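Just below is one structure, and these are the notes that go with it.
The values are calculated or read from the model by the stated rules, or taken from the named source; none is laboratory data. Since this is a predicted model, take the numbers as computed values, not measurements. Using ideal geometry, Cβ is built from the backbone for each residue, glycine included, and neighbour counts are taken over all protein chains shown. Just the protein is used for accessible areas: all its heavy atoms, side chains included, with ligands, DNA and RNA removed. Shrake-Rupley method; radii C 1.70, N 1.55, O 1.52, S 1.80 Å.
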Amino acid sequence: MRGSLWQLGQSIIRRLSEADKKAVARRYFASEADLKKTVLYDFHVAYGGKMVPFAGWSMPIQYKDSIMDSTVNCRENGGLFDVSHMCGLSLKGKDSVSFLEKLVIADVAGLAPGTGTLTVFTNEKGGAIDDSVITKVKDDHIYLVVNAGCRDKDLAHIEEHMKAFKAKGGDVSWHIHDERSLLALQGPLAAPVLQHLTKDDLSKLYFGEFRILDINGATCFLTRTGYTGEDGFEISVPSENALDLAKAILEKSEGKVRLTGLGARDSLRLEAGLCLYGNDMEQHISPVEAGLTWAIGKRRRAEGGFLGAEVILKQLAEGPSIRRVGFTSTGPPPRSHSEIQDEKGNNIGEITSGGFSPCLKKNIAMGYVKSGLHKAGTKAKILVRGKAYDGVVTKMPFVPTKYYKPS
């Protein structure tokens, strides 16, 4: 078992249908000379990191341990991920909230300072341009992180709308945090290990909350969030301090927190039922279809005011035609683009992510099916390499989440 969608470089390509190979290759792979490197590149290599091209960056897919072992260790102890390929940015100005609300589905105005939420940037048709974790630092400062593979289109989209907004007198500016690196510390040891490196009381920082604080001698942006379903943090650290911080985290954990690559990150997020943009969300998939209705603020449902609101509010009222669901299955693990059929052999949808769960020791997947066939317990057939295997719609997350919330 070597992991799921991110495993070992070119295997990502081998798993997809012929029609998708060129498009995915263009998106994820580049020549070695073109690849960007994070400030931890040499550190990854020294630790045995197997580097592969991903979204224009050379990133570790795994280290000396297997993707399976690395996934389990993150849930039992902890994992440290270099996610510096992702793009952090700040919006500032007295109108930054009203500007952002034109582009995303969240009730940004309703967020208390120091809190955040998952949201979706939508297009005029209600489709997803990208998903993002946004934080209201203060009423005039929003911090957000967007996906590496979407960076160019996201920044172009934001800039285009910002120019129009400012031309009408709106007060908003932005700063892209290319001077910072981003580390994700996840798992049950995340808080106790990080507490050794800061004087701030982390027991008072809950899931989705944000602070600017000193960690290991550097001024960091700390968000209690992650992409694994475990308790943990994303730490935006000045790039000149990133290596020292990574070393300090590993040292304070006494070897229990391990450097963890993109292979395990994908297994972990799939077990947690979380979307991967480009697989489970696309420009033609709405937040309602993707099962992210909860991320549409109550006020936004009443008022709209974001791109594609007419389409999305209609889906909320009438129900979407397709829905994202989880599956467990027999046979080989389903992969992206595996066809889903009903028990009579009729096409009812398609798998978007799938693999063997290292923690549950069984096949798990997610995909889209026609509404009405989305209820947990619904039986289906999933085609893998032309052969049909039994599948059943299964409630997500597959592995219970352990987010740190007030009791």
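With a 1.4 Å probe and every protein chain left in place, tell me how much accessible area Ile235 has, in Å² to the nearest 10.
It works out to around 0 Å².
Please tell me which of these pairs span more than 31 angstrom C-alpha to C-alpha: Lys204/Lys375; Lys136/Lys199; Lys37/Lys102; Lys102/Lys381?
Values: Lys204/Lys375 38 Å; Lys136/Lys199 23 Å; Lys37/Lys102 34 Å; Lys102/Lys381 41 Å.
Flagged as over cut-off: Lys204/Lys375; Lys37/Lys102; Lys102/Lys381.
If you average 1/r over every pair of different alpha-carbon atoms in the chain and take one over that average, what Kirkwood value in Å do you get?
Numbers: mean 1/r = 0.0459 Å⁻¹.
Kirkwood radius, the chain: 21.8 Å.
Any idea how far the Cα center of the stretch 372-407 sits from the one of the stretch 208-250, in Å?
Between the Cα centre of the stretch 372-407 and that of the stretch 208-250, the gap is 32 Å.
If you place +1 on the Cβ of every Lys and Arg, -1 on the Cβ of every Asp and Glu, and leave all else neutral, what size is the dipole of the chain about its Cα centre, to the nearest 20 Debye?
On the way: 54 positive and 48 negative charges, 211 e Å.
So the dipole magnitude of the chain works out to roughly 1020 debye.
So, for the chain, what is the accessible surface per residue at a probe of 1.4 Å, expressed in square angstrom?
Details: 17300 Å² over 407 residues.
Heavy-atom SASA per residue in the chain reads 43 Å².
Run the helix sum for the chain: -39,500 (n - 2.57) per DSSP H stretch of 4+ residues, divided by residue count, reported at 222 nm to the nearest 500 deg cm²/dmol. Please list the in-between numbers first.
Details: 11 runs with 99 residues, N = 407.
It comes out at -7000 deg cm²/dmol, rounded to the nearest 500.
In the chain, if the dipole is taken from +1 on Lys/Arg beta carbons and -1 on Asp/Glu beta carbons about the Cα centre, which of Ala218, Trp174, Leu80 is farthest to the positive end?
It is Leu80, whose Cα lies furthest towards the positive end.
So for the chain, averaging the separation of alpha carbon pairs under 8 Å that are six or more residues apart and normalising by length, what relative contact order in percent results?
On the way: 900 pairs, mean separation 74.4, N = 407.
Dividing the mean separation by the residue count of the chain yields 18 percent.
For the stretch 151-236, with only Lys/Arg (+1) and Asp/Glu (-1) charged at the beta-carbon, what is the dipole magnitude about the Cα centre, in debye rounded to 20? Intermediate values should be presented prior to the final figure.
On the way: 10 positive and 14 negative charges, 41 e Å.
Computed charge dipole of the stretch 151-236: roughly 200 debye.
Roughly what % of DSSP beta bridges within the chain run antiparallel, to the nearest 5?
Numbers: 82 of 87 bridges.
Here the antiparallel bridges make up roughly 95 percent for the chain.
Using 1/(1 + (r/R0)^6) with R0 = 35 angstrom and r between the beta carbons of Ser239 and Asp139, what's the FRET efficiency to the nearest 0.05?
Details: r = 28 Å, r/R0 = 0.81.
After rounding, the FRET efficiency stands at 0.75.
Between the stretch 98-123 and the stretch 70-85, what's the alpha-carbon centroid distance in Å?
28 Å
Using a Gaussian network model of the chain with C-alpha springs under 10 Å, which one of Asp42, Asp154, Asp130 is most mobile by mean-square fluctuation?
Result: Asp42 has the largest fluctuation of those listed.
DSSP loop GluC sites (Glu not before Pro) in the stretch 227-283 with at most 12 other Cβ atoms within 10 Å of their Cβ, which ones?
Numbers: sites: Glu230, Glu234, Glu240, Glu251, Glu254, Glu271, Glu282; in loops: Glu230, Glu254, Glu282.
Sites meeting the loop and neighbour criteria: Glu254.
Could you work out which residue, out of His177, His284, His337, moves most in a Gaussian network model of the chain, that is, has the largest mean-square fluctuation with Cα springs under 10 Å?
The residue with the greatest mean-square fluctuation here is His284.
So which GluC sites (Glu not before Pro) in the stretch 43-149 pass both tests, a DSSP loop state and at most 16 other Cβ atoms within 10 Å of the Cβ?
Working: sites: Glu76, Glu101, Glu124; in loops: Glu101, Glu124.
Listed in order of number, the matching sites are Glu124.
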